[in-house]
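The values are calculated or read from the model by the stated rules, or taken from the named source; none is laboratory data. Computed from a predicted model, the values in this text were never measured in an experiment. Every residue, glycine among them, receives a Cβ derived from its backbone with ideal geometry; neighbour counts consider all protein chains shown. Ligands, DNA and RNA are excluded from the accessible area calculation, which covers all protein heavy atoms including side chains. Shrake-Rupley method; radii C 1.70, N 1.55, O 1.52, S 1.80 Å.
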Amino acid sequence: KAGVTQTPRYLIKTRGQQVTLSCSPISGHRSVSWYQQTPGQGLQFLFEYFSETQRNKGNFPGRFSGRQFSNSRSEMNVSTLELGDSALYLCASSPWWDTEAFFGQGTRLTVV
Amino acid sequence: SQQGEEDPQALSIQEGENATMNCSYKTSINNLQWYRQNSGRGLVHLILIRSNEREKHSGRLRVTLDTSKKSSSLLITASRAADTASYFCARPETSGSRLTFGEGTQLTVNP
């Protein structure tokens, strides 16, 4: 089975721009979650989607949004980028809730 | 913000030694999960232990859970240089797949 695939792996953007990150979950997994990892804040939950519905949202500003498609693939978007958005963005998929999560390799976003 | 605490924050040992990492949490759980992260890469799931379990093994890994103390520990026996990584405990929310992570323990195994 193919693992969780995140694209792109690396990204450099300028302040004020927007960015879209993509995540393809493991086949058959319906739950997709996104996390932001920074040295200062650690791993922070962004949002979770299950069957195209957002189930949970973390404490992030409205500039952070996401969606899930009918094939379970998910995208997250960050608008009006700030320097503080520089981070490793991780996507995880799960077959169901209350089970282990399988993570992608992440997208390293650098905002300059 | 993190709702779990792990200690130590950093641990440096020699190959062949055992490494023990501890995790504490504040609310009730259905299960507790441990993950490993090699530098700047994705997390790899290690072990999931349910609230009605006290101990679980996987190869050289042993996880214990004490729900009365709201704490868990991860023991890596006969460590290898390849075990060098950050180790996180994670607690799922009661609904959904949202995980709350601890701050992690940076383990360095010296050859």
(message) Given the criteria open to solvent by 30 Å² or more (accessible area, probe 1.4 Å), at pLDDT below 95 and not polar (S, T, N, Q), does A:LYS13 qualify?
(response) no
(request) State all residues of segment A:22-44 that are of a type in the set (Gly, Ala, Ser) and touching a strand residue (DSSP E or B) at 6+ places or on another chain (Cβ under 6 Å); if no residue qualifies, say none. (result) A:SER22, A:SER24, A:SER31, A:SER33
(request) Determine, yes or no, whether A:ARG108 is at pLDDT 95 or above, open to solvent by 60 Å² or more (accessible area, probe 1.4 Å), away from chain B (no Cβ under 13 Å) and closer than 15 Å to A:PRO8 by Cα. (result) no
(request) Name, by its number, the condition in (1) more than 19 Å from B:SER97 (Cα to Cα); (2) within 12 Å of chain B (Cβ to nearest Cβ); (3) open to solvent by less than 10 Å² (accessible area, probe 1.4 Å) that does not hold for A:LEU21. (result) (2)
(request) Give me a count of the residues in segment B:2-41 that are open to solvent by less than 60 Å² (accessible area, probe 1.4 Å) and among the hydroxyl-bearing types (Ser, Thr, Tyr). (result) 4
(message) The conditions are (1) in contact with a strand residue (DSSP E or B) (Cβ under 6 Å, 6 or more places away or on another chain); (2) within 14 Å of chain A (Cβ to nearest Cβ); (3) open to solvent by 50 Å² or more (accessible area, probe 1.4 Å); (4) farther than 24 Å from A:GLN105 by Cα, and B:SER58 fails exactly one of them. Which is it?
(response) (4)
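Condition check ((1) away from chain A (no Cβ under 14 Å); (2) within 22 Å of B:THR77 (Cβ to Cβ)) across all residues:
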position: B:SER12; (1), (2): yes, yes
position: B:TYR25; (1), (2): yes, no
position: B:GLN37; (1), (2): no, yes
position: B:ARG54; (1), (2): yes, yes
(request) Provide a single number: the residues in segment B:72-111 that are assigned to a loop (DSSP other than H, G, I, E, B), open to solvent by 40 Å² or more (accessible area, probe 1.4 Å) and modelled with pLDDT of 95 or more. (result) 4
(message) Just to confirm my filter: which strands (runs of 3 or more DSSP E) fall fully inside segment B:7-71 and include at least 1 residues that are of a type in the set (Asp, Glu) and without any contact (Cβ under 8 Å) to a residue 12 or more places away in the chain?
(response) B:55-58
(request) Can you give me the number of residues within segment B:92-111 that are of a type in the set (A, V, I, L, M) and either under 24 Å from A:SER31 (Cα atoms) or at the interface with chain A (Cβ under 7 Å from one of its Cβ atoms) (or both)? (result) 1
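So which residues in segment A:91-105 are of a type outside the set (S, T, N, Q), open to solvent by 10 Å² or more (accessible area, probe 1.4 Å), part of a loop (DSSP other than H, G, I, E, B) and touching a residue at least 40 places away in the same chain (Cβ under 8 Å)?
Passing the criteria: A:PRO95, A:TRP96, A:TRP97.
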(message) Just the residues that are within 9 Å of chain B (Cβ to nearest Cβ) and β-branched (Val, Ile, Thr), please, taken from segment A:26-70.
(response) A:VAL32
(request) Output the residues belonging to segment A:22-32 that are in a strand (DSSP E or B) and of a type in the set (Gly, Ala, Ser). (result) A:SER22, A:SER24, A:SER31
